[in-house]
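Participant: Can you keep this structure in mind? I'll have questions shortly.
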Amino acid sequence: MSSYQELTARQRIPAMFDAGSFEEFLPPSERVASPHLAQLDAPVSFDDGVVVGRGKLDGKLVFGAAQEGGFMGGAVGEVHGAKLVGMLRRAIDENAHAVLLLLESGGVRLHEANAGLIAVSEVMRAMLDVRAAGIPVVAVVGGANGCFGGMGIAARCANTVIMSEEGRLAMSGPEVIETANGVEEFDSRDRALVWRTTGGKHRYLLGDCQVLVADESEDFRKAAIAAIAGLRGGEVRLTLEGLLAEQAMLARRLDDSAGLAEPMDVWQKLGVPEPARVPMLEADAFLDMAAQYRAKTGAQ
């Protein structure tokens with residue numbers, strides 16, 4: 001077993017897909033790099049920090065992408081985003097069984113500003129187009145850099161989000177919040193607070209993440225296979241009913257967290273038993289606890 005978090009994007013792809021099955025689009029040999037970074041004398045990567053292609057997952061044709069957190073924190077620029085969009089559109093053209101996104105990103109690449117923002121918006125639109133075509137989209141968040149900014153929003157455009165406790169998912173990163181509003185608002189150096197607020201367990205309890213696994217690449221692979229199997233044949237499009245249900249969930253969240261700044265207090269109000277124990281529980285024990293909490297409270 002290997003830690004998913006410790007793998008690079010190019011190591012995660014073979015860890016998730018069937019052995020030897022992945023075909024990369026625009027590999028490093030094509031030297032498709034960002035033109036903007038070179039103009040700023042910033043370092044470039046010949047895959048622009050993302051691997052895209054298609055392969056087999058449990059024998060099924062699945063298109064996929066993996067962001068490289070080691071290059072600019074997985075931030076999205078024009079070329080990076082275009083590769084993701086091109087992969088998603090090709091998945092529709094070839095009627096893929098599913099799309100698997102291995103996300104690790106701090107958001108938009110500041111060096112590319114508006115081009116990066118536009119790229120992320122195009123990625124989100126393409127993800128919803130894939131779903132509209134009846135193809136499930138599964139997002140995996142387990143990298144050391146987390147999934148923030150525009151890609152944090154994009155992750156929630158997927159049908160299913162799979163996380164580990166070590167994964168983090170949010171709109172704004174802790175450092176961004178601290179810079180904008182001060183350390184009193186959010187101390188980014190308080191790592192325990194950061195994980196309580198943005199980590200996989202919190203996201204699972206709030207409903208932002210549908211599957212929580214241990215930080216093992218094989219566990220992520222099994223969870224992805226199971227998630228895709230569960231989605232196939234069902235309604236994977238973003239419907240009005242689904243959107244209204246999401247809005248209702250967010251309204252309940254506002255009510256449940258009103259006036260509360262500490263995640264443990266939110267968990268207690270939700271009815272989670274012994275919330276102080278949550279950060280210390282291993283994945284299996286946490287899931288057992290969560291199942292009991294949901295059965296008792298009727299939470300989804």
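Participant: Report yes if some residue within segment 37-48 is touching a Leu at 6+ places or on another chain (Cβ under 9 Å), within 27 Å of Glu218 (Cα to Cα) and not hydroxyl-bearing (Ser, Thr, Tyr); otherwise report no.
Facilitator: yes
Participant: Count, please, the residues in segment 55-77 that happen to be within 23 Å of the chain's Cα centre (by Cα) and surrounded by fewer than 21 Cβ atoms within 10 Å (Cβ to Cβ).
Facilitator: Of the residues in segment 55-77, 6 are within 23 Å of the chain's Cα centre (by Cα) and surrounded by fewer than 21 Cβ atoms within 10 Å (Cβ to Cβ).
Participant: Between residues in segment 198-221 that are under 16 Å from Ala144 (Cβ atoms) and touching a residue at least 60 places away in the same chain (Cβ under 8 Å) and residues that are in a helix (DSSP H, G or I) and among the hydroxyl-bearing types (Ser, Thr, Tyr), which pairs lie under 8 Å by C-beta distance while being six or more apart or on different chains?
Facilitator: Going by the 8 Å Cβ cut-off, there are no qualifying pairs.
Participant: Right, another one. Quick check on my filter: what residues within segment 229-244 are in contact (Cβ under 8 Å) with a residue 12 or more places away in the chain and closer than 15 Å to Ala132 by Cβ?
Facilitator: Selection gives Leu231, Val236, Arg237, Leu238.
Participant: Further, regarding this structure: Is it the case that Ala180 is over 12 Å from the mean Cα position of the chain (by Cα) and either polar (S, T, N, Q) or more than 26 Å from Pro14 (Cα to Cα) (or both)?
Facilitator: When the stated conditions are applied, Ala180 passes them.
Participant: Restricting to segment 33-44, name every residue that is assigned to a loop (DSSP other than H, G, I, E, B), closer than 20 Å to Gly86 by Cβ and touching a residue at least 60 places away in the same chain (Cβ under 8 Å).
Facilitator: Correct list: Ser34 only.
Residues are listed down the side, and each one gets a yes or a no for (1) at pLDDT below 95; (2) in contact with an Asp or Glu (Cβ under 6 Å, 6 or more places away or on another chain); (3) surrounded by 22 or more Cβ atoms within 10 Å (Cβ to Cβ):
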position: Val99; (1), (2), (3): no, no, yes
position: Leu102; (1), (2), (3): no, no, yes
position: Leu110; (1), (2), (3): yes, no, no
position: Gly116; (1), (2), (3): yes, no, yes
position: Met124; (1), (2), (3): no, no, no
position: Pro136; (1), (2), (3): no, no, yes
position: Val141; (1), (2), (3): no, no, yes
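Participant: Could you say which residue among Ala154, Ala119, Ala158, Ala126 is assigned to a helix (DSSP H, G or I), under 11 Å from the mean Cα position of the chain (by Cα) and under 19 Å from Gln67 (Cα atoms)? Don't jump to the end; show me each part of the working.
Facilitator: Details: Ala119 fails: under 11 Å from the mean Cα position of the chain (by Cα); Ala158 fails: assigned to a helix (DSSP H, G or I); Ala126 fails: under 11 Å from the mean Cα position of the chain (by Cα).
Only one candidate passes the filter, namely Ala154.
Participant: Looking only at segment 246-268, how many residues end up being open to solvent by 60 Å² or more (accessible area, probe 1.4 Å) and either in contact (Cβ under 8 Å) with a residue 40 or more places away in the chain or under 22 Å from the mean Cα position of the chain (by Cα) (or both)?
Facilitator: 3
Conditions (1) in contact (Cβ under 8 Å) with a residue 40 or more places away in the chain; (2) touching a strand residue (DSSP E or B) at 6+ places or on another chain (Cβ under 7 Å), marked per residue:
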| position | (1), (2) |
| --- | --- |
| Ala65 | no, yes |
| Met72 | no, no |
| Ala96 | yes, yes |
| Val108 | yes, yes |
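Participant: Can you name every residue in segment 16-32 that is open to solvent by 30 Å² or more (accessible area, probe 1.4 Å), of a type in the set (A, V, I, L, M, F, W, C) and out of contact with any strand residue (DSSP E or B) (no Cβ under 6 Å at 6 or more places or on another chain)?
Facilitator: In the first step, residues of segment 16-32 are kept if they are open to solvent by 30 Å² or more (accessible area, probe 1.4 Å); the result is 18-24, 26-32.
Those still in the list that are of a type in the set (A, V, I, L, M, F, W, C) too: 19, 22, 26, 32.
Once the filter is applied, which keeps residues that are open to solvent by 30 Å² or more (accessible area, probe 1.4 Å), of a type in the set (A, V, I, L, M, F, W, C) and out of contact with any strand residue (DSSP E or B) (no Cβ under 6 Å at 6 or more places or on another chain), segment 16-32 yields Ala19, Leu26, Val32.
Participant: Moving to a separate point now. I'd like to verify a number: residues in segment 45-60 that are in a strand (DSSP E or B) and touching a helix residue (DSSP H, G or I) at 6+ places or on another chain (Cβ under 9 Å), how many?
Facilitator: Final tally of qualifying residues: 8.
The values are calculated or read from the model by the stated rules, or taken from the named source; none is laboratory data. Source: prediction; values computed, not measured. Every residue, glycine among them, receives a Cβ derived from its backbone with ideal geometry; neighbour counts consider all protein chains shown. Quick note on the areas: whole protein, heavy atoms, side chains included, nothing else; ligands and nucleic acids left out. Shrake-Rupley method; radii C 1.70, N 1.55, O 1.52, S 1.80 Å.
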